[in-house]
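Colleague: Could you have a look at this structure, given as structure tokens, before my questions?
The values are calculated or read from the model by the stated rules, or taken from the named source; none is laboratory data. This is a predicted model, so every value here is computed, not measured. Cβ atoms come from the backbone with ideal geometry, glycine included; neighbour counts cover every protein chain shown.
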Amino acid sequence: MVQDIVDDSRGDIRNANVKFRILDEDGDHLNSTEWIDVADLLYPYTGSVMGDPYKVELGKNEGFANYQVEVLVNNYYISNEDPYLVTIYEPVGDFITGGGYIITENSSGLYPAAPGSRTNFGFNVKFNKTGKNLQGHLNFIWRTADGRIMQAKANAMNSLGVNIDGDCKEAVFVAKCNVVDHSGQALHNSGGLLMYVTLTDCGEPGESHDLDYIGFTLWNGNELWYSSDWDGMQTQEMDLTAGNLVVHSGFSLGVTDESANVKTKEAQIATSLEPEVHLPVFNVYPNPFSDRLRMEFVSEETTHGRVDMFDMTGRLVQTIFNQPVEAGELYQAEFVPGSEVSSFYIYRLTLGDAVRNGKVIYRK
């Protein structure tokens with residue numbers, strides 16, 4: 001869809017010509033259409049253009065590929081849009097994938113995105129055939145307020161966890177990235193950064209009224225380079241502006257049973273029958289954490305309280321609180337990971353029959 005923008009001299013969008021250029025994820029040219037006329041007028045000043053299909057052959061062992069699509073416009077009109085990232089995948093097996101963009105307003109870090117700018121992304125993560133090793137790709141492009149075009153790319157996945165309980169499916173993965181500044185400015189210590197991605201898949205576009213959500217956090221050691229929506233303590237997931245997220249999995253925070261070649265849950269984190277607890281005071285900080293995690297809460301009723309910590313496989317790691325609680329009193333708990341650490345943890349606070357679950361990220 002192409003549109004004549006609102007100004008004092010609007011024209012006839014049917015004069016415009018459009019060309020689509022297909023690039024690989026490194027930006028190398030693969031294919032282009034001819035210049036196409038804007039033939040169909042959908043609304044006044046808005047038309048549509050469709051190019052010929054482009055056939056993609058996926059690698060035998062990967063089952064997915066990332067591309068960039070440039071939209072060029074001429075003949076009285078121009079386009080200032082960045083390339084769109086597109087992820088093509090084969091919908092089989094256990095995997096997560098996504099592509100599209102978000103419009104950031106509260107980005108933070110050393111290289112935050114400009115307010116109102118478009119941040120493009122595409123990714124695919126899955127386990128190999130043995131179910132032991134992760135493989136996948138991440139391509140992430142954003143523009144800073146001073147005009148720098150930054151790109152984070154990853155071919156190495158450190159961890160993946162999913163939770164398919166409930167109406168919306170959740171996933172968290174960590175990718176080891178290299179960052180490039182395409183504006184030509186120097187960028188030091190830009191290799192081996194960790195991108196933490198949290199996402200919520202609420203269904204296919206057009207089939208659900210709920211939007212998908214996603215959050216990106218890029219760390220260089222203890223230095224925050226980028227957050228898509230920082231609240232002062234952690235990255236909040238935000239609405240997906242365009243695109244789709246897919247959590248395609250038959251397991252939920254589970255461990256792999258090699259002999260049966262299936263994935264089973266070792267611990268039940270939450271069920272839809274459990275009411276969610278609402279608390280007058282509830283804080284979990286810092287998130288991400290590298291040493292110890294602190295939790296404080298106030299219960300509205302006198303009951304029994306318990307806080308359990310689960311790793312990314314759903315295994316109960318530690319119970320950090322287990323005692324009666326009085327209404328209106330402030331209680332605190334602390335979690336220190338042991339020798340075996342996980343990239344993220346799930347906490348479960350239980351007060352009587354009500355529960356509250358959440359995700360926290362661990363950084364070494």
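Colleague: Does A156 qualify as being surrounded by fewer than 18 Cβ atoms within 10 Å (Cβ to Cβ) and either small (G, A, S) or touching a helix residue (DSSP H, G or I) at 6+ places or on another chain (Cβ under 8 Å) (or both)?
Modeller: yes
Colleague: Restricting attention to segment 220-236, which residues are farther than 15 Å from A113 by Cα and crowded, with 18+ Cβ neighbours inside 10 Å?
Modeller: Scanning segment 220-236 gives N220, Q234.
Colleague: Residue by residue through segment 122-153, note down the ones that are of a type in the set (V, I, T) and out of contact with any strand residue (DSSP E or B) (no Cβ under 8 Å at 6 or more places or on another chain). Break it down stepwise before answering.
Modeller: Our first condition is that a residue be of a type in the set (V, I, T); within segment 122-153, this holds for 125, 130, 141, 144, 149.
Within segment 122-153, T130 is the sole residue that qualifies.
Colleague: Taking the residues in segment 165-183 that are modelled with pLDDT of 85 or more and over 16 Å from the mean Cα position of the chain (by Cα) as candidates, determine which candidate is surrounded by the most Cβ atoms within 10 Å (Cβ to Cβ).
Modeller: Result: V179.
Colleague: Oh, and also: How about segment 300-348: which of its residues are touching a strand residue (DSSP E or B) at 6+ places or on another chain (Cβ under 6 Å), in contact (Cβ under 8 Å) with a residue 60 or more places away in the chain and not in a strand (DSSP E or B)?
Modeller: M312, T313, S343
Colleague: Picking from D40, D28, which residue would you name as being free of Cβ contacts under 8 Å to residues at least 60 places away in the same chain and exposed (fewer than 12 other Cβ atoms within 10 Å of the Cβ)? Steps first, answer last, please.
Modeller: Numbers: D40 fails: exposed (fewer than 12 other Cβ atoms within 10 Å of the Cβ).
The match here is D28.
Colleague: Further question: Could you list all residues from segment 154-184 that are in contact with a strand residue (DSSP E or B) (Cβ under 8 Å, 6 or more places away or on another chain), free of Cβ contacts under 8 Å to residues at least 40 places away in the same chain and assigned to a loop (DSSP other than H, G, I, E, B)? Walk me through it before giving the result.
Modeller: Restricting attention to segment 154-184, the residues satisfying the condition of being in contact with a strand residue (DSSP E or B) (Cβ under 8 Å, 6 or more places away or on another chain) are 154-164, 168-183.
Going one step further and asking which of them are free of Cβ contacts under 8 Å to residues at least 40 places away in the same chain, we end up with 155-157, 176, 178, 180-183.
Residues satisfying the conditions are H182, S183.
Colleague: Here's something else I'd like to know. Considering only residues that are over 14 Å from V197 (Cα atoms) and not small (G, A, S), which ones fall in segment 226-238? Write out each step before concluding.
Modeller: Let us first name the residues in segment 226-238 that are over 14 Å from V197 (Cα atoms), namely 231-233.
Scanning segment 226-238 gives D231, M233.
Colleague: Sticking with this structure for a sec: Would you check which residues across segment 101-134 are at pLDDT below 90 and under 16 Å from the mean Cα position of the chain (by Cα) and list them?
Modeller: Looking only at segment 101-134, we keep the residues that are at pLDDT below 90, and these are 124-134.
Within segment 101-134, N124, V125, K126 meet the criteria.
Colleague: List every residue pair whose Cβ atoms lie under 7 Å apart, where the two residues are 6 or more positions apart in sequence or sit on different chains, the first residue falls within segment 111-130 and is more than 19 Å from D201 (Cβ to Cβ), and the second residue, located anywhere, is small (G, A, S) and part of a loop (DSSP other than H, G, I, E, B).
Modeller: That search, which allows pairs on different chains as well, returns A113/S107; A114/A145.
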